[in-house]
Protein chains: 2
Amino acid sequence: MEKILIVEDDNNINQMIYETLSNEGYNCTSAFSGTEALLHAGSCQFGLIILDLMLPGLPGDEVLKSIRKNSNVPVIVLSAKDELDTKVDLLTLGANDYMVKPFELKELKARVLVQLRDNKMDNKDNMIMEFNNLKYDMQKKQVSINGKNIPFTVHELKIIELLLRHPGQVFSKNEIYEYAWDDYYIGEDKTINVHISNIRQKIKKVTDIEYIETVWGLGFKLATV
Amino acid sequence: MEKILIVEDDNNINQMIYETLSNEGYNCTSAFSGTEALLHAGSCQFGLIILDLMLPGLPGDEVLKSIRKNSNVPVIVLSAKDELDTKVDLLTLGANDYMVKPFELKELKARVLVQLRDNKMDNKDNMIMEFNNLKYDMQKKQVSINGKNIPFTVHELKIIELLLRHPGQVFSKNEIYEYAWDDYYIGEDKTINVHISNIRQKIKKVTDIEYIETVWGLGFKLATV
DNA sequence: AATTTCTTTAACTTTTCTTTAAACTTTTTT
DNA sequence: AAAAAAGTTTAAAGAAAAGTTAAAGAAATT
(Lines give C-alpha, C1' and ligand atoms only; values in the text may rest on other atoms or scores of the structure.)
Protein backbone atom coordinates (compact mmCIF):
# COMPACT_ATOMS: atom_id res chain seq x y z
CA MET A 1 0.00 0.00 0.00
CA GLU A 2 1.56 3.25 -1.10
CA LYS A 3 2.06 5.96 1.46
CA ILE A 4 1.14 9.51 0.56
CA LEU A 5 1.95 12.64 2.50
CA ILE A 6 -0.55 15.48 2.16
CA VAL A 7 0.83 18.92 3.00
CA GLU A 8 -1.91 21.54 2.99
CA ASP A 9 -2.73 24.08 5.65
CA ASP A 10 -6.40 24.43 4.78
CA ASN A 11 -8.12 21.91 6.96
CA ASN A 12 -10.98 21.30 4.60
CA ILE A 13 -8.88 20.74 1.52
CA ASN A 14 -6.48 18.54 3.42
CA GLN A 15 -9.27 16.38 4.71
CA MET A 16 -10.92 16.20 1.32
CA ILE A 17 -7.73 14.94 -0.29
CA TYR A 18 -7.13 12.61 2.60
CA GLU A 19 -10.51 10.97 2.26
CA THR A 20 -10.37 10.76 -1.48
CA LEU A 21 -6.99 9.08 -1.59
CA SER A 22 -7.70 6.89 1.41
CA ASN A 23 -10.75 5.61 -0.40
CA GLU A 24 -8.49 4.74 -3.30
CA GLY A 25 -6.55 2.52 -0.98
CA TYR A 26 -3.59 4.75 -0.23
CA ASN A 27 -2.12 5.09 3.22
CA CYS A 28 -2.31 8.84 3.84
CA THR A 29 -0.71 11.16 6.34
CA SER A 30 -1.66 14.80 6.79
CA ALA A 31 0.66 17.69 7.53
CA PHE A 32 -0.44 21.28 7.93
CA SER A 33 2.74 23.30 7.83
CA GLY A 34 6.01 23.36 5.97
CA THR A 35 7.98 22.43 9.01
CA GLU A 36 5.68 19.58 9.85
CA ALA A 37 6.07 18.35 6.32
CA LEU A 38 9.83 18.19 6.65
CA LEU A 39 9.58 16.22 9.83
CA HIS A 40 7.52 13.62 8.05
CA ALA A 41 9.52 13.69 4.86
CA GLY A 42 12.74 13.25 6.79
CA SER A 43 11.95 9.67 7.55
CA CYS A 44 11.48 9.26 3.82
CA GLN A 45 8.87 6.62 3.90
CA PHE A 46 6.46 8.13 1.40
CA GLY A 47 5.88 7.08 -2.15
CA LEU A 48 4.37 10.43 -3.04
CA ILE A 49 4.03 13.88 -1.54
CA ILE A 50 1.26 16.34 -2.32
CA LEU A 51 2.52 19.78 -1.44
CA ASP A 52 0.70 23.07 -1.18
CA LEU A 53 2.74 26.17 -1.91
CA MET A 54 1.28 28.59 0.61
CA LEU A 55 2.20 27.13 3.95
CA PRO A 56 2.81 28.43 7.44
CA GLY A 57 6.19 27.66 8.94
CA LEU A 58 8.11 27.19 5.74
CA PRO A 59 6.91 28.00 2.22
CA GLY A 60 6.27 25.09 -0.12
CA ASP A 61 9.15 25.82 -2.45
CA GLU A 62 11.57 25.69 0.44
CA VAL A 63 10.05 22.43 1.56
CA LEU A 64 10.52 21.03 -1.92
CA LYS A 65 14.09 22.18 -2.09
CA SER A 66 14.83 20.54 1.21
CA ILE A 67 13.17 17.28 0.24
CA ARG A 68 15.15 17.17 -2.98
CA LYS A 69 18.41 17.26 -1.11
CA ASN A 70 18.14 13.65 -0.22
CA SER A 71 15.22 12.14 -2.04
CA ASN A 72 13.54 12.08 -5.37
CA VAL A 73 10.17 11.00 -4.15
CA PRO A 74 7.57 12.31 -6.60
CA VAL A 75 6.01 15.59 -5.52
CA ILE A 76 2.77 17.08 -6.83
CA VAL A 77 2.56 20.76 -6.04
CA LEU A 78 -0.73 22.52 -5.38
CA SER A 79 -1.02 26.22 -5.96
CA ALA A 80 -3.47 29.06 -6.36
CA LYS A 81 -4.18 30.43 -9.79
CA ASP A 82 -2.01 33.52 -9.46
CA GLU A 83 1.30 31.85 -8.79
CA LEU A 84 2.24 30.77 -12.26
CA ASP A 85 5.78 32.12 -12.24
CA THR A 86 6.66 30.24 -9.14
CA LYS A 87 5.09 27.14 -10.54
CA VAL A 88 7.23 27.17 -13.59
CA ASP A 89 10.29 27.41 -11.43
CA LEU A 90 9.05 24.58 -9.31
CA LEU A 91 8.75 22.30 -12.27
CA THR A 92 12.21 23.06 -13.50
CA LEU A 93 13.47 22.77 -9.97
CA GLY A 94 12.21 19.44 -8.87
CA ALA A 95 8.44 19.09 -8.69
CA ASN A 96 7.06 16.29 -10.78
CA ASP A 97 3.68 17.84 -11.44
CA TYR A 98 1.43 20.58 -10.21
CA MET A 99 -2.24 21.38 -10.05
CA VAL A 100 -4.03 24.68 -9.87
CA LYS A 101 -6.63 25.10 -7.17
CA PRO A 102 -9.48 24.50 -7.33
CA PHE A 103 -9.00 21.14 -8.97
CA GLU A 104 -11.23 18.18 -9.48
CA LEU A 105 -10.63 15.19 -7.29
CA LYS A 106 -10.88 12.97 -10.30
CA GLU A 107 -7.95 14.76 -11.79
CA LEU A 108 -5.99 14.47 -8.59
CA LYS A 109 -6.53 10.74 -8.51
CA ALA A 110 -5.32 10.42 -12.06
CA ARG A 111 -2.19 12.45 -11.43
CA VAL A 112 -1.41 10.51 -8.31
CA LEU A 113 -1.69 7.34 -10.31
CA VAL A 114 0.64 8.65 -12.98
CA GLN A 115 3.29 9.68 -10.50
CA LEU A 116 3.22 6.41 -8.64
CA ARG A 117 3.30 4.44 -11.87
CA ASP A 118 6.18 6.46 -13.29
CA ASN A 119 8.05 6.18 -10.10
CA LYS A 120 7.71 2.47 -9.69
CA MET A 121 9.89 1.79 -12.70
CA ASP A 122 12.80 3.95 -11.79
CA ASN A 123 12.97 3.96 -8.06
CA LYS A 124 12.97 0.49 -6.73
CA ASP A 125 13.54 1.45 -3.22
CA ASN A 126 14.50 4.98 -3.36
CA MET A 127 14.55 5.57 0.29
CA ILE A 128 17.02 7.59 2.17
CA MET A 129 16.51 7.30 5.86
CA GLU A 130 18.06 9.93 8.00
CA PHE A 131 18.53 10.36 11.68
CA ASN A 132 20.73 12.85 13.39
CA ASN A 133 23.26 13.23 10.56
CA LEU A 134 23.24 9.51 9.91
CA LYS A 135 21.96 8.81 6.43
CA TYR A 136 21.13 5.45 4.97
CA ASP A 137 20.66 5.32 1.23
CA MET A 138 18.83 2.07 0.74
CA GLN A 139 19.42 2.09 -2.97
CA LYS A 140 23.13 2.38 -2.69
CA LYS A 141 23.20 0.35 0.51
CA GLN A 142 25.35 3.10 1.83
CA VAL A 143 25.44 4.61 5.29
CA SER A 144 27.09 7.92 5.91
CA ILE A 145 27.51 10.17 8.90
CA ASN A 146 28.10 13.83 8.21
CA GLY A 147 28.75 12.86 4.63
CA LYS A 148 31.42 10.31 5.46
CA ASN A 149 30.65 6.89 4.08
CA ILE A 150 30.97 3.88 6.33
CA PRO A 151 31.25 0.40 4.88
CA PHE A 152 28.80 -1.94 6.55
CA THR A 153 28.11 -5.58 5.82
CA VAL A 154 24.71 -6.94 4.94
CA HIS A 155 23.73 -7.93 8.44
CA GLU A 156 25.05 -4.77 9.91
CA LEU A 157 22.98 -2.79 7.44
CA LYS A 158 19.89 -4.72 8.35
CA ILE A 159 20.40 -4.02 12.02
CA ILE A 160 20.91 -0.34 11.33
CA GLU A 161 17.86 -0.31 9.13
CA LEU A 162 15.69 -1.79 11.86
CA LEU A 163 16.85 0.69 14.47
CA LEU A 164 16.56 3.56 12.02
CA ARG A 165 13.00 2.69 11.17
CA HIS A 166 11.94 3.22 14.74
CA PRO A 167 14.27 5.64 16.48
CA GLY A 168 14.20 5.21 20.23
CA GLN A 169 12.33 1.95 20.18
CA VAL A 170 14.03 -0.90 21.99
CA PHE A 171 14.61 -4.12 20.11
CA SER A 172 15.53 -7.38 21.78
CA LYS A 173 18.28 -9.55 20.37
CA ASN A 174 15.57 -11.94 19.39
CA GLU A 175 13.80 -9.28 17.34
CA ILE A 176 16.99 -8.02 15.82
CA TYR A 177 18.04 -11.47 14.81
CA GLU A 178 14.75 -12.35 13.21
CA TYR A 179 14.69 -9.09 11.29
CA ALA A 180 18.26 -9.05 10.10
CA TRP A 181 18.67 -12.75 9.45
CA ASP A 182 15.08 -13.42 8.48
CA ASP A 183 15.25 -16.62 10.47
CA TYR A 184 14.34 -17.96 13.88
CA TYR A 185 16.48 -17.10 16.82
CA ILE A 186 18.40 -20.04 18.19
CA GLY A 187 18.49 -18.81 21.75
CA GLU A 188 21.86 -18.70 23.48
CA ASP A 189 23.88 -16.62 21.17
CA LYS A 190 26.34 -13.82 21.43
CA THR A 191 26.31 -13.09 17.74
CA ILE A 192 24.23 -9.95 17.98
CA ASN A 193 26.56 -8.54 20.58
CA VAL A 194 29.52 -8.95 18.31
CA HIS A 195 27.72 -7.29 15.45
CA ILE A 196 26.59 -4.39 17.57
CA SER A 197 30.15 -4.02 18.72
CA ASN A 198 31.44 -4.01 15.20
CA ILE A 199 28.90 -1.45 14.11
CA ARG A 200 29.85 0.80 16.99
CA GLN A 201 33.51 0.53 16.14
CA LYS A 202 32.93 1.51 12.56
CA ILE A 203 30.86 4.47 13.65
CA LYS A 204 33.49 5.50 16.15
CA LYS A 205 35.98 6.00 13.38
CA VAL A 206 33.82 8.79 12.05
CA THR A 207 32.15 10.40 14.99
CA ASP A 208 32.12 10.40 18.78
CA ILE A 209 28.37 10.33 18.97
CA GLU A 210 26.96 7.08 20.32
CA TYR A 211 24.16 6.12 18.02
CA ILE A 212 23.37 2.72 19.44
CA GLU A 213 22.33 2.63 23.03
CA THR A 214 22.19 -0.46 25.22
CA VAL A 215 19.08 -1.03 27.27
CA TRP A 216 20.11 -3.45 29.92
CA GLY A 217 18.21 -6.67 30.02
CA LEU A 218 16.09 -5.64 27.06
CA GLY A 219 18.09 -4.92 23.98
CA PHE A 220 19.28 -1.99 21.90
CA LYS A 221 17.85 1.17 20.48
CA LEU A 222 18.82 4.18 18.44
CA ALA A 223 19.78 6.85 20.94
CA THR A 224 17.38 9.75 20.71
CA VAL A 225 19.59 11.93 22.92
CA MET B 1 18.60 19.35 -30.36
CA GLU B 2 15.41 17.62 -29.25
CA LYS B 3 12.74 16.94 -31.82
CA ILE B 4 9.15 17.64 -30.94
CA LEU B 5 6.06 16.62 -32.90
CA ILE B 6 3.09 18.95 -32.57
CA VAL B 7 -0.25 17.36 -33.42
CA GLU B 8 -3.02 19.95 -33.46
CA ASP B 9 -5.61 20.59 -36.16
CA ASP B 10 -6.18 24.22 -35.29
CA ASN B 11 -3.75 26.06 -37.48
CA ASN B 12 -3.32 29.01 -35.14
CA ILE B 13 -2.66 26.99 -32.06
CA ASN B 14 -0.32 24.68 -33.92
CA GLN B 15 1.70 27.58 -35.23
CA MET B 16 1.76 29.27 -31.88
CA ILE B 17 3.18 26.21 -30.21
CA TYR B 18 5.56 25.69 -33.09
CA GLU B 19 7.01 29.15 -32.77
CA THR B 20 7.21 29.08 -29.03
CA LEU B 21 9.08 25.82 -28.88
CA SER B 22 11.26 26.63 -31.87
CA ASN B 23 12.35 29.76 -30.07
CA GLU B 24 13.30 27.57 -27.15
CA GLY B 25 15.67 25.75 -29.44
CA TYR B 26 13.62 22.66 -30.18
CA ASN B 27 13.37 21.16 -33.62
CA CYS B 28 9.62 21.10 -34.25
CA THR B 29 7.41 19.32 -36.74
CA SER B 30 3.72 20.05 -37.22
CA ALA B 31 0.98 17.55 -37.96
CA PHE B 32 -2.67 18.41 -38.39
CA SER B 33 -4.51 15.11 -38.25
CA GLY B 34 -4.38 11.88 -36.37
CA THR B 35 -3.31 9.90 -39.35
CA GLU B 36 -0.59 12.37 -40.22
CA ALA B 37 0.62 12.12 -36.64
CA LEU B 38 1.00 8.39 -36.93
CA LEU B 39 2.98 8.70 -40.11
CA HIS B 40 5.44 10.94 -38.35
CA ALA B 41 5.49 9.00 -35.10
CA GLY B 42 6.13 5.78 -36.95
CA SER B 43 9.66 6.81 -37.73
CA CYS B 44 10.16 7.23 -34.02
CA GLN B 45 12.57 10.07 -34.14
CA PHE B 46 10.85 12.40 -31.71
CA GLY B 47 11.84 13.09 -28.18
CA LEU B 48 8.40 14.41 -27.32
CA ILE B 49 4.93 14.54 -28.85
CA ILE B 50 2.33 17.17 -28.10
CA LEU B 51 -1.03 15.69 -28.96
CA ASP B 52 -4.41 17.32 -29.27
CA LEU B 53 -7.41 15.12 -28.52
CA MET B 54 -9.88 16.38 -31.10
CA LEU B 55 -8.36 15.47 -34.40
CA PRO B 56 -9.61 14.75 -37.88
CA GLY B 57 -8.67 11.40 -39.33
CA LEU B 58 -8.08 9.56 -36.08
CA PRO B 59 -8.99 10.77 -32.59
CA GLY B 60 -6.14 11.62 -30.25
CA ASP B 61 -6.71 8.73 -27.87
CA GLU B 62 -6.43 6.27 -30.74
CA VAL B 63 -3.25 7.95 -31.86
CA LEU B 64 -1.84 7.63 -28.38
CA LYS B 65 -2.79 4.00 -28.14
CA SER B 66 -1.11 3.33 -31.43
CA ILE B 67 2.05 5.17 -30.49
CA ARG B 68 2.28 3.28 -27.23
CA LYS B 69 2.38 -0.02 -29.05
CA ASN B 70 5.96 0.49 -30.01
CA SER B 71 7.32 3.51 -28.24
CA ASN B 72 7.35 5.20 -24.92
CA VAL B 73 8.17 8.62 -26.19
CA PRO B 74 6.69 11.14 -23.77
CA VAL B 75 3.31 12.50 -24.86
CA ILE B 76 1.66 15.65 -23.58
CA VAL B 77 -2.04 15.66 -24.39
CA LEU B 78 -3.97 18.85 -25.09
CA SER B 79 -7.71 18.95 -24.55
CA ALA B 80 -10.68 21.23 -24.19
CA LYS B 81 -12.13 21.88 -20.78
CA ASP B 82 -15.08 19.54 -21.16
CA GLU B 83 -13.23 16.34 -21.80
CA LEU B 84 -12.08 15.53 -18.34
CA ASP B 85 -13.26 11.91 -18.28
CA THR B 86 -11.32 11.07 -21.36
CA LYS B 87 -8.32 12.83 -20.01
CA VAL B 88 -8.24 10.76 -16.90
CA ASP B 89 -8.29 7.65 -18.99
CA LEU B 90 -5.49 9.01 -21.09
CA LEU B 91 -3.27 9.50 -18.12
CA THR B 92 -3.88 6.04 -16.82
CA LEU B 93 -3.44 4.73 -20.33
CA GLY B 94 -0.17 6.15 -21.40
CA ALA B 95 -0.05 9.91 -21.64
CA ASN B 96 2.69 11.48 -19.58
CA ASP B 97 0.94 14.75 -18.96
CA TYR B 98 -1.92 16.86 -20.22
CA MET B 99 -2.94 20.47 -20.43
CA VAL B 100 -6.34 22.07 -20.64
CA LYS B 101 -6.91 24.61 -23.38
CA PRO B 102 -6.46 27.48 -23.24
CA PHE B 103 -3.10 27.21 -21.57
CA GLU B 104 -0.26 29.61 -21.08
CA LEU B 105 2.78 29.15 -23.24
CA LYS B 106 4.97 29.57 -20.22
CA GLU B 107 3.35 26.54 -18.72
CA LEU B 108 3.76 24.57 -21.89
CA LYS B 109 7.45 25.31 -21.97
CA ALA B 110 7.85 24.17 -18.41
CA ARG B 111 6.00 20.94 -19.01
CA VAL B 112 8.00 20.23 -22.13
CA LEU B 113 11.15 20.72 -20.13
CA VAL B 114 9.97 18.34 -17.47
CA GLN B 115 9.10 15.63 -19.92
CA LEU B 116 12.34 15.88 -21.78
CA ARG B 117 14.33 15.93 -18.60
CA ASP B 118 12.54 12.93 -17.18
CA ASN B 119 12.90 11.07 -20.39
CA LYS B 120 16.53 11.70 -21.05
CA MET B 121 17.52 8.70 -19.01
CA ASP B 122 15.08 6.35 -20.56
CA ASN B 123 15.27 7.29 -24.18
CA LYS B 124 17.45 4.65 -25.71
CA ASP B 125 17.53 6.08 -29.17
CA ASN B 126 20.44 8.31 -29.76
CA MET B 127 21.65 8.30 -26.26
CA ILE B 128 25.14 8.57 -24.97
CA MET B 129 25.40 7.73 -21.35
CA GLU B 130 28.41 9.00 -19.55
CA PHE B 131 29.84 8.42 -16.17
CA ASN B 132 33.24 9.39 -14.96
CA ASN B 133 34.98 9.31 -18.36
CA LEU B 134 33.17 6.13 -19.30
CA LYS B 135 30.97 6.75 -22.31
CA TYR B 136 28.40 4.38 -23.70
CA ASP B 137 27.02 5.21 -27.11
CA MET B 138 23.85 3.18 -27.17
CA GLN B 139 23.38 3.64 -30.86
CA LYS B 140 26.80 2.35 -31.77
CA LYS B 141 26.86 -0.11 -28.89
CA GLN B 142 30.26 1.21 -28.11
CA VAL B 143 31.83 1.83 -24.76
CA SER B 144 34.88 3.98 -24.37
CA ILE B 145 36.94 5.22 -21.48
CA ASN B 146 38.92 8.38 -21.98
CA GLY B 147 38.23 8.02 -25.66
CA LYS B 148 39.63 4.51 -25.90
CA ASN B 149 37.13 2.05 -27.25
CA ILE B 150 36.61 -1.23 -25.45
CA PRO B 151 34.99 -4.16 -27.22
CA PHE B 152 32.20 -5.59 -25.10
CA THR B 153 29.83 -8.39 -25.91
CA VAL B 154 26.06 -8.08 -25.87
CA HIS B 155 25.59 -9.30 -22.35
CA GLU B 156 28.46 -7.32 -21.05
CA LEU B 157 26.95 -4.22 -22.61
CA LYS B 158 23.62 -4.91 -21.00
CA ILE B 159 25.21 -5.24 -17.60
CA ILE B 160 27.11 -2.02 -18.08
CA GLU B 161 23.95 -0.34 -19.26
CA LEU B 162 22.03 -1.34 -16.17
CA LEU B 163 24.73 -0.14 -13.83
CA LEU B 164 25.17 3.03 -15.81
CA ARG B 165 21.50 3.87 -15.64
CA HIS B 166 21.61 4.02 -11.89
CA PRO B 167 25.09 4.91 -10.69
CA GLY B 168 25.66 3.80 -7.15
CA GLN B 169 22.58 1.65 -6.95
CA VAL B 170 23.26 -1.93 -5.96
CA PHE B 171 21.94 -4.67 -8.21
CA SER B 172 21.75 -8.30 -7.17
CA LYS B 173 22.87 -11.03 -9.50
CA ASN B 174 19.24 -11.91 -9.87
CA GLU B 175 18.37 -8.42 -11.05
CA ILE B 176 21.35 -8.23 -13.32
CA TYR B 177 20.52 -11.53 -14.89
CA GLU B 178 16.90 -10.68 -15.49
CA TYR B 179 17.83 -7.36 -17.02
CA ALA B 180 20.68 -8.48 -19.21
CA TRP B 181 19.27 -11.84 -20.26
CA ASP B 182 15.61 -10.86 -20.13
CA ASP B 183 14.87 -14.21 -18.56
CA TYR B 184 14.26 -15.75 -15.17
CA TYR B 185 17.19 -16.38 -12.93
CA ILE B 186 17.92 -20.04 -12.33
CA GLY B 187 19.39 -19.58 -8.91
CA GLU B 188 22.79 -21.04 -8.11
CA ASP B 189 24.91 -19.69 -10.83
CA LYS B 190 28.33 -18.24 -11.25
CA THR B 191 27.71 -16.85 -14.69
CA ILE B 192 27.34 -13.29 -13.57
CA ASN B 193 30.61 -13.47 -11.67
CA VAL B 194 32.45 -14.56 -14.74
CA HIS B 195 30.97 -11.78 -16.80
CA ILE B 196 31.73 -9.19 -14.19
CA SER B 197 35.25 -10.52 -14.09
CA ASN B 198 35.57 -10.29 -17.85
CA ILE B 199 34.22 -6.74 -17.91
CA ARG B 200 36.69 -5.72 -15.26
CA GLN B 201 39.57 -7.25 -17.13
CA LYS B 202 38.67 -5.40 -20.29
CA ILE B 203 38.40 -2.16 -18.39
CA LYS B 204 41.72 -2.80 -16.68
CA LYS B 205 43.49 -2.77 -20.00
CA VAL B 206 42.52 0.84 -20.42
CA THR B 207 42.42 2.35 -16.96
CA ASP B 208 43.25 1.58 -13.37
CA ILE B 209 39.99 2.98 -12.11
CA GLU B 210 37.66 0.38 -10.67
CA TYR B 211 34.28 1.09 -12.13
CA ILE B 212 32.42 -1.92 -10.84
CA GLU B 213 32.28 -2.32 -7.13
CA THR B 214 31.32 -5.48 -5.28
CA VAL B 215 28.83 -5.16 -2.47
CA TRP B 216 29.28 -8.31 -0.49
CA GLY B 217 26.23 -10.44 -0.13
CA LEU B 218 24.16 -8.05 -2.20
CA GLY B 219 25.53 -7.56 -5.66
CA PHE B 220 27.36 -5.00 -7.71
CA LYS B 221 27.19 -1.32 -8.36
CA LEU B 222 28.88 1.42 -10.29
CA ALA B 223 31.39 2.97 -7.94
CA THR B 224 30.44 6.56 -7.29
CA VAL B 225 33.50 7.68 -5.42
C1' DA C 1 30.24 -27.01 -42.94
C1' DA C 2 33.96 -24.81 -40.74
C1' DT C 3 35.65 -21.19 -38.09
C1' DT C 4 35.40 -17.80 -34.99
C1' DT C 5 33.44 -15.67 -31.14
C1' DC C 6 30.71 -15.67 -27.14
C1' DT C 7 28.62 -17.99 -23.11
C1' DT C 8 28.47 -21.24 -19.62
C1' DT C 9 30.32 -24.76 -16.67
C1' DA C 10 33.56 -26.44 -13.55
C1' DA C 11 37.54 -26.61 -10.51
C1' DC C 12 40.20 -23.98 -7.80
C1' DT C 13 41.92 -19.71 -5.25
C1' DT C 14 41.21 -15.78 -2.75
C1' DT C 15 38.74 -12.62 -0.11
C1' DT C 16 35.42 -11.23 3.07
C1' DC C 17 32.05 -12.02 6.41
C1' DT C 18 30.04 -14.61 10.33
C1' DT C 19 30.27 -17.17 14.27
C1' DT C 20 32.47 -19.20 18.13
C1' DA C 21 35.15 -18.90 22.04
C1' DA C 22 37.43 -16.73 25.69
C1' DA C 23 38.85 -12.92 28.52
C1' DC C 24 37.18 -8.80 30.33
C1' DT C 25 33.90 -5.05 31.93
C1' DT C 26 29.77 -3.26 33.63
C1' DT C 27 25.42 -3.61 35.90
C1' DT C 28 22.22 -5.88 38.82
C1' DT C 29 21.01 -8.90 42.44
C1' DT C 30 21.52 -11.10 46.78
C1' DA D 1 30.73 -6.65 48.87
C1' DA D 2 30.51 -10.78 46.40
C1' DA D 3 28.28 -13.30 43.07
C1' DA D 4 25.65 -13.58 39.13
C1' DA D 5 23.99 -11.92 34.97
C1' DA D 6 24.39 -9.20 30.91
C1' DG D 7 27.14 -6.85 27.81
C1' DT D 8 31.75 -5.77 25.34
C1' DT D 9 35.75 -6.78 22.93
C1' DT D 10 39.30 -9.37 20.62
C1' DA D 11 41.11 -12.92 18.02
C1' DA D 12 40.77 -16.98 15.49
C1' DA D 13 38.31 -20.68 13.15
C1' DG D 14 34.83 -21.57 9.91
C1' DA D 15 31.67 -20.63 6.29
C1' DA D 16 30.13 -18.25 2.50
C1' DA D 17 30.63 -15.41 -1.36
C1' DA D 18 33.23 -13.69 -4.99
C1' DG D 19 37.32 -13.98 -8.27
C1' DT D 20 40.00 -16.41 -11.73
C1' DT D 21 41.23 -19.43 -15.19
C1' DA D 22 40.64 -22.84 -18.57
C1' DA D 23 37.95 -25.71 -21.22
C1' DA D 24 33.58 -27.36 -23.03
C1' DG D 25 29.39 -26.06 -25.24
C1' DA D 26 26.44 -22.74 -28.09
C1' DA D 27 25.80 -19.18 -31.37
C1' DA D 28 26.90 -16.57 -34.83
C1' DT D 29 29.79 -15.74 -39.05
C1' DT D 30 32.04 -16.75 -42.98
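Tabulated data for the structure shown
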read-out	value
Count of residues meeting criterion [among the β-branched types (Val, Ile, Thr) and near DNA strand C (Cβ under 9 Å from one of its atoms)] in the range A:176-214	5
For A:Ala180: the one exception among (1) closer than 19 Å to A:Leu218 by Cα; (2) away from chain B (no Cβ under 14 Å)	(2)
Within the range B:197-225, considering residues that are touching a helix residue (DSSP H, G or I) at 6+ places or on another chain (Cβ under 7 Å) and in a helix (DSSP H, G or I), the one farthest from the other protein chains (Cβ to nearest Cβ)	B:Asn198
Meets criteria (small (Gly, Ala, Ser), modelled with pLDDT of 90 or more and surrounded by 12 or more Cβ atoms within 10 Å (Cβ to Cβ)) for A:Gly219	yes
Residue within the range B:13-30 that is assigned to a strand (DSSP E or B) and buried (at least 23 other Cβ atoms within 10 Å of the Cβ) present	no
In the range A:117-143, the residues that are within 11 Å of another protein chain (Cβ to nearest Cβ) and either in a helix (DSSP H, G or I) or at pLDDT 75 or above (or both)	A:Arg117, A:Asp118, A:Asn119, A:Met121, A:Asp122, A:Asp137, A:Met138, A:Gln139, A:Lys140, A:Lys141, A:Gln142
Candidate set from the range A:171-210 (those that are among the β-branched types (Val, Ile, Thr) and more than 10 Å from DNA strand D (Cβ to nearest atom)); member that is surrounded by the most Cβ atoms within 10 Å (Cβ to Cβ)	A:Ile176
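Matching residues to (1) surrounded by fewer than 22 Cβ atoms within 10 Å (Cβ to Cβ); (2) without any contact (Cβ under 8 Å) to a residue 12 or more places away in the chain; (3) closer than 11 Å to B:Ile4 by Cα:
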| position | (1), (2), (3) |
| --- | --- |
| B:Ser33 | yes, no, no |
| B:Leu38 | yes, no, no |
| B:Ala41 | no, no, yes |
| B:Gln45 | yes, no, yes |
| B:Ile50 | no, no, yes |
| B:Leu58 | yes, no, no |
| B:Arg68 | yes, no, no |
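The values are calculated or read from the model by the stated rules, or taken from the named source; none is laboratory data. Source: prediction; values computed, not measured. With ideal geometry, Cβ positions are generated from the backbone for all residues, glycine too; neighbour counts draw on all protein chains shown.
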